[in-house]
Amino acid sequence: MKKFITLTLALALAFGLVGCGQKTKINSGTATADLSQITLAELKIGDNINDIDLTGLGSDNQNKFWTYSFDEVYIKANESGVITKLQAPYGYSVAEVKAKYGESKNYVFDSEQRLRAFSYSDKTNGLAFTVVYEENGGGVVWVILEKRSK
């Protein structure tokens with residue numbers, strides 16, 4: 001019995017030390033998924049804004065943080081016109097998103113507005129997808145899809 005306990009403690013110590021050199025992401029809330037086919041307001045990351053008719057989105061509200069900001073759709077594009085970030089409503093519920101892309105840990109997005117979020121990462125395509133929803137079981141408020149810089 002003493003050998004079993006000694007062996008168990010030795011293994012526990014060994015496994016505990018293996019991860020010591022690695023950074024730990026606390027409350028990252030990020031799961032991995034293929035995000036390459038997500039479209040928001042009929043737009044995709046990587047589309048060129050110069051090739052898209054934006055008149056159906058309304059008039060640009062001139063928000064300094066976005067290249068284009070409409071009533072519900074926000075677009076950021078680089079100097080070449082390539083879309084790098086989108087924020088828009090999303091036609092799926094929290095349950096539907098998690099069913100499609102898998103479970104991801106929830107976290108506080110904006111405590112004053114009582115908003116929570118969960119995120120997905122697509123390292124293959126360099127994309128991040130954040131779903132923001134109402135804290136009290138409410139629906140999805142908006143989603144953010146962005147190209148991560150390398």
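Where a number appears in this text, it was derived from the coordinates with a stated rule and is not lab data. Since the structure is predicted, the reported quantities are computational estimates derived from the model, not experimental observations. No Cβ is skipped: glycine too gets one built from the backbone with ideal geometry, and neighbour counts run over all protein chains shown.
Take the Cα atoms of segment 29-147, find their three principal axes, and give me the spread along each one in whole Å, biggest first.
37, 33, 21
Relative to the Cα centre, what is the charge dipole magnitude of segment 29-147, using +1 at the beta carbon of each Lys and Arg, -1 at the beta carbon of each Asp and Glu, and rounding to the nearest 20 debye?
For this selection, approximately 400 debye.
Using the alpha-carbon centroid of each, what span in Å lies between segment 65-98 and segment 125-150?
First find each Cα centre; the distance between them is then 9 Å.
Just to check I understand the Karplus step: with θ = phi - 60° and J = 6.51 cos²θ - 1.76 cosθ + 1.60, what whole-Hz values come out for segment 127-136, glycine and proline as x?
Calculated HN-Hα couplings, in order: 10, 10, 9, 10, 10, 9, 9, 6, 4, 8 Hz.
Once amide H atoms are built 1.01 Å from N in the peptide plane, which residues 5 or more positions from Val141, or in another chain, come under 5 Å H to H?
Here the answer is Val132, Tyr133, Glu134, since their amide H atoms fall under 5 Å of that of Val141.
Can you give the extra length, in nm with one decimal, that the chain gains between Asn63 and Glu112 once fully stretched, where that is 0.36 nm per residue apart less the Cα-Cα distance?
15.5 nm
In whole Hz and in residue order, list the ³J(HN,Hα) couplings for segment 85-102 that follow from phi through the Karplus curve 6.51 cos²θ - 1.76 cosθ + 1.60, θ = phi - 60°; x for Gly and Pro.
Per-residue couplings from phi come out as 7, 9, 10, 7, x, 9, x, 10, 7, 4, 4, 5, 5, 5, 5, 7, 10, x Hz.
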